[in-house]
Structures are given as structure tokens and as C-alpha cells.
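Below is one structure, written out as C-alpha cells, with a few remarks after it.
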Amino acid sequence: MTASLPRQAAPPNRPYRTADRPRHKVRRRVLTLLIIGLLIGMPARYLVIAANLSRDSGKDKEAKYSATGLTPGWPSKVQARLYQVPVPRPADDIASYETNNWKTSRLYVQFRTNDAGLDSFLQTMGVRRDQLRKGDIAIGTRDQKVSGWQFTGPGPWWGLTHTQKNPAPTQDVIVNLADPKNPMVYVVSRTVP
């Protein structure tokens, strides 16, 4: 007995698709390559830029935090606000240095200003000029070693310690009035974290 096989159905009446014209193939391939290039290229470009910025930032921070003494320049705005050391304008010969440990954080700042700048600095700190005491070297020996300051040159030297309740910082201030019109100010502001 022979089995009859079912017949295969005829193909549906669909129009036969012709091959794309060469011009369309090229356009489609170029568009595909462009899209792939953008999908890969843009994130890769972003990663390269971000890596370079991060590396540069790390080098700047490394130089800043590897400093072992006063470095020329203004303290950052955050440091000035945190340690309450408002360097007045005009000021020059500005240098600062910050140390931190688990016990105490300190900011060392020096600057030269004019007579009005000194009054403004002291007033913003919350003290008056008449609170300065002649010959008072308020900055201790340890802080002098760390900062490299020596208060032995021509004076007169005036100083004060501005003690505040925690968490506000305590500031030791010394002013050299050898040139009364351009006093040199030295400040150590310390805070307990």
C-alpha cells in the first residue's frame, strides 16, 4: 500500500522583492555606520574627557595636600568660612596652610594689608584693635615650627587669642606693626572636629 503524500500549498501571491538598488545600499550602510559610530564614539569621548579631568584634579589635590608648609595664595572660601579667617581686601603676601588630624584641625594664614584692612579683619572676626596686647606672641612654639614663622624681627608685635565656644574656632593672631600703614598679620585658627 502506498501512502499518499499531502500536497504542498502554493506560495501566496506576494510580489517578489527585488534587490535594493546600489545607491540605496550605500546610503543604508553609511547611515548604519554613522549610528554605530555615534553610539560608541560619544560615550567613549565622554569617558576620555572625564578621565583627563579627574587625573588633572587629582594632581592638583595631591600637590595641595602634600605641601608641608605655607603655600602662596588665598585660602579657599570654604576654609576661610570654616576657620573664620576673613582675609580682607586689599591684601598681599598671602599664604596659607591647613593641617588636619583626628584631634584638631588648623589653618595657618598670613597676609599684609592696610590700616583699614586690619580693622576690618579684626571686626569681622569679632574683636577690636584695642584688644591687641603689645609684645603678646599668641602663636605657640609648635605652630611657629609648623608654619615656619619666627617673630624675632623688628616690631612692635601685637597679639591676641580669640577664644570661642565649640564648634567655632579659636584664633591666635599676631600683628607686626613695623610698618603701621601696612601691618603684617599672622593667624592660626584651630577647631576641634
Within region 161-180, how many residues are at pLDDT below 90 and more than 18 Å from THR104 (Cα to Cα)?
4
Given the conditions (1) open to solvent by 70 Å² or more (accessible area, probe 1.4 Å); (2) under 22 Å from ASN176 (Cβ atoms); (3) part of a loop (DSSP other than H, G, I, E, B), report the number of the one that LYS103 does not fulfil.
(2)
Within region 148-168, does at least one residue satisfy the condition of being touching a residue at least 12 places away in the same chain (Cβ under 8 Å), assigned to a strand (DSSP E or B), among the aliphatic types (A, V, I, L, M) and in contact with a helix residue (DSSP H, G or I) (Cβ under 7 Å, 6 or more places away or on another chain)?
yes
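The values are calculated or read from the model by the stated rules, or taken from the named source; none is laboratory data. Bear in mind the structure is a predicted one, so any value in this text is a computation, not a measurement. Because the Cβ atoms are built from the backbone with ideal geometry, glycine has one as well, and the counts that use them run over all protein chains shown. All accessible areas refer to the heavy atoms of the entire protein, side chains included, with ligands and DNA or RNA removed. Shrake-Rupley method; radii C 1.70, N 1.55, O 1.52, S 1.80 Å.
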